[in-house]
Amino acid sequence: MPPLRTALLQNSGHPGDPAGNLKVLDEAAARAAADGAGLLVTAEMFLTGYAIGGGVRELAEPADGPSGRAVAEIAAAHGLAILYGYPESHAGAVHNSARLVGADGSELANYRKTHLYGCFERESFTPGEAPVVQATIGELTVGILVCYDVEFPENVRAHALAGTDLLVVPTAQMHPFEFVAESLIPVRAFESQMYIAYVNRSGPEGEFDFVGLSCLAGPDGATCLRAGRGEELLLGDVDPKLLTTSRRINPYLRDRRPGLYTSLG
């Protein structure tokens, strides 16, 4: 099975301007596809911006709304899958969501952030209830979490036990929590034996200062890709051969004793 070339778009786009962000996405998709990427991953709330305050409900759309259809057209035009963050309106609620669209423009998965961080998110969004959402790209199982979700080891381990090979995590990681990108993400990848694509916003936005530092971490604990603090488009390979080798060598998942953990809740 060939590697899946994965592009990480570290870019905050234009907060409050979905049309402008769709243009940024189209340009990035063209560049990524030209370099052989089969998947492009954006940051949390990429479609609208994160620091949009009361504009969340106004800018929220259904998964298959006008912006969702525009992303599908971009994916199909460039022939690569796209994972993007956006505020999703559904049944009267607004979710902090991430949607995966296939290279043919079809919807592969839609995930709603389950662990909301801070007052802004808790006041603006309804948490999702599905802990593991997956799709297949080629022969790889791709799972989705959003930002704060990945900081709970239970979430990542649930994905490992469900067979996730590549965990994609759009994020809005801010100062002073750089250690999450620098240290925690590679450890999560190692302890649960998967690749993790962690894609952040960059620079100041409203009251927030996003730190960048997007990365692709492998099951061997190595950081395959690491962005700086500014806007970047990074490309790296998710290698099924490394997954197979690393999982054979690393005994964590085999040596678990679930019967001892029932009291943890």
*Can T244 be described as open to solvent by 10 Å² or more (accessible area, probe 1.4 Å), of a type in the set (S, T, Y) and out of contact with any Gly (no Cβ under 6 Å at 6 or more places or on another chain)?*
yes
*Can you confirm whether the stretch 7-20 contains a residue that is among the hydrophobic types (A, V, I, L, M, F, W, C), more than 24 Å from H115 (Cβ to Cβ), within 15 Å of the chain's Cα centre (by Cα) and assigned to a strand (DSSP E or B)?*
yes
*asked:* One residue is enough: does the stretch 3-16 have a residue meeting the conditions surrounded by fewer than 24 Cβ atoms within 10 Å (Cβ to Cβ), under 26 Å from E123 (Cβ atoms) and out of contact with any strand residue (DSSP E or B) (no Cβ under 9 Å at 6 or more places or on another chain)?
replied: yes
*Answer yes or no as to whether E123 is over 17 Å from the mean Cα position of the chain (by Cα), on the phi < 0 side of the Ramachandran plot and of a type in the set (D, E, K, R).*
yes
*Kindly establish whether A29 is touching a residue at least 40 places away in the same chain (Cβ under 8 Å) and either part of a loop (DSSP other than H, G, I, E, B) or more than 17 Å from the chain's Cα centre (by Cα) (or both).*
no
*If you scan the stretch 32-68, which residues turn out to be within 20 Å of S202 (Cα to Cα) and part of a loop (DSSP other than H, G, I, E, B)?*
T42, A43, E44, M45, F46, L47, T48, G49, Y50, A51, I52, G53
*Keeping to the stretch 32-62, report how many residues are open to solvent by less than 20 Å² (accessible area, probe 1.4 Å), within 19 Å of the chain's Cα centre (by Cα) and at negative phi.*
13
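Can you name every residue in the stretch 206-235 that is part of a strand (DSSP E or B) and open to solvent by 10 Å² or more (accessible area, probe 1.4 Å)?
If we filter the stretch 206-235 for residues that are part of a strand (DSSP E or B), which is where we start, we get 208-211, 215-217, 223-226, 232-235.
Of everything in the stretch 206-235, those that are part of a strand (DSSP E or B) and open to solvent by 10 Å² or more (accessible area, probe 1.4 Å) turn out to be F208, D209, T223, C224, L225, R226, E232, L233, L234, L235.
Evaluate the following for S183: is it over 20 Å from G49 (Cα atoms) and open to solvent by 10 Å² or more (accessible area, probe 1.4 Å)?
Yes; evaluated as a whole, the condition is true for this residue.
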*Conditions (1) β-branched (V, I, T); (2) open to solvent by 10 Å² or more (accessible area, probe 1.4 Å); (3) in a strand (DSSP E or B); number of the one not met by V24*: (3)
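Which ranges mark the strands (runs of 3 or more DSSP E) fully within the stretch 81-173 that have 2 or more residues being in contact (Cβ under 8 Å) with a residue 12 or more places away in the chain and open to solvent by less than 20 Å² (accessible area, probe 1.4 Å)?
Numbers: elements: 81-90, 93-101, 107-112, 134-137, 140-144, 166-170.
In the stretch 81-173, the matching strands (runs of 3 or more DSSP E) lie at 81-90, 93-101, 107-112, 140-144, 166-170.
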*Out of A43, A91, A30, which single residue is touching a strand residue (DSSP E or B) at 6+ places or on another chain (Cβ under 8 Å) and among the small types (G, A, S)?*
A43
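The values are calculated or read from the model by the stated rules, or taken from the named source; none is laboratory data. Keep in mind the model is a prediction, meaning the values are calculated, not measured. When we count neighbours, we look across all protein chains shown, and the Cβ atoms used for this are built from the backbone with ideal geometry, even at glycine. Quick note on the areas: whole protein, heavy atoms, side chains included, nothing else; ligands and nucleic acids left out. Shrake-Rupley method; radii C 1.70, N 1.55, O 1.52, S 1.80 Å.
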